[in-house]
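K.L.:
There's a structure below that I have some questions on.
Read the figures in this text as sums done on the coordinates, not as results from a lab. Source: prediction; values computed, not measured.
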């Protein structure tokens, strides 16, 4: 079963008397374990699409189906709960909390879920930090890390709750080219070893080259869907 199905998505905004079709009939499936990049110029609709996939926005029409469950009639609270349980985000600005240590930042999604005791949360956070190569830096603060290390913390935080999908919005935008490539290679390794599904929104050609599937969007429509 597809982890995600999008059926004829449309997202229409109004600016005065003008109708803006940010998405105009987008349909696609995402299978478990994909490493997928959504690409396109500014204004193409890719950010709107990522927001809808992330349950941060709702389409004007069409269906979003996760794990076989349509979300069209979900209330804002139900969408928030689903997002909390099944979707993780990696942002270009890292969004780490400066007053928390590295391990506390990674634990945060588990603290919010309130499903595990403190020992289990700490063990899961330490496991993910080891997976991203940050052993020995657990008790440092974000200000003591390089940009690449901060992004690794953000990746560990995204993965710690074992989400169905990780959504990465321009994750290499604030990194130098070498660190960016190392970060994407890390995510590819995690994708291969753990089967985690990654969906990127990106302008970065390096990310496009390393993706296993590239969807090109323009004017709210899918122009090309390439599987490598």
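K.L.:
If each residue of separation counts as 0.36 nm, what is the full-extension length gain between residue 42 and residue 29 once their alpha-carbon separation is subtracted?
P.N.:
2.4 nm
K.L.:
Would you work out the relative contact order for the range 162-228, in percent, from Cα pairs under 8 angstrom that are 6 or more residues apart?
P.N.:
Values: 65 pairs, mean separation 21.6, N = 67.
Once divided by the residue count of the range 162-228, the mean separation gives 32 percent.
K.L.:
Compute the Rg/Rh shape ratio of the range 37-139: radius of gyration over Kirkwood radius, all on alpha-carbon atoms. Before the final figure, lay out the partial values.
P.N.:
On the way: Rg = 16.8 Å, Rh = 16.1 Å.
Looking at the range 37-139, the ratio lands at 1.04.
K.L.:
Right, another one. As I understand it, the value is the acute angle between the Cα axis of helix 177-194 and the longest principal axis of the Cα atoms of the chain; what does it come to in degrees, rounded to 10?
P.N.:
90 degrees
K.L.:
Rg(Cα) of the range 84-144 divided by 2.2 N^0.38 Å?
P.N.:
Numbers: Rg = 11.6 Å, N = 61, 2.2 N^0.38 = 10.5 Å.
Cα-based Rg divided by the globular estimate yields 1.10.
K.L.:
So what is the relative contact order of the chain, in percent, for Cα pairs below 8 Å that sit 6 or more residues apart?
P.N.:
Numbers: 436 pairs, mean separation 68.2, N = 228.
RCO, the chain: 30 percent.
K.L.:
Roughly what angle does helix 102-113 make with the longest principal axis of the chain, taking Cα atoms, 0 to 90 degrees, to the nearest 10?
P.N.:
60 degrees
K.L.:
Now for a different question. Taking every pair of distinct Cα atoms and averaging 1/r, then inverting, what Kirkwood hydrodynamic radius in Å comes out for the range 9-53? List each step's numbers first, then the result.
P.N.:
Working: mean 1/r = 0.0837 Å⁻¹.
By the Kirkwood definition, the hydrodynamic radius is 12.0 Å.
K.L.:
Between 212, 194, 178, which gets the highest mean-square fluctuation from a Gaussian network model of the chain, Cα cutoff 10 Å?
P.N.:
For the chain, modelled as a Gaussian network with Cα springs under 10 Å, the answer is 178.
K.L.:
So, one more: From the convex hull of the Cα coordinates of the chain, what is the mean projected area in square nanometres? Can you show the working numbers first?
P.N.:
On the way: hull surface 52.3 nm².
Mean projected area of the Cα convex hull: 13.1 nm².
K.L.:
Taking just the alpha-carbon atoms of the range 1-90, what radius of gyration and Dmax come out, in angstrom?
P.N.:
13.3, 43
K.L.:
Beyond 23 Å, what percent of the Cα pairs of the range 139-228 remain? Before the final figure, lay out the partial values.
P.N.:
Numbers: 1081 of 4005 pairs.
Cα-Cα pairs of the range 139-228 separated by over 23 Å account for 27 percent.
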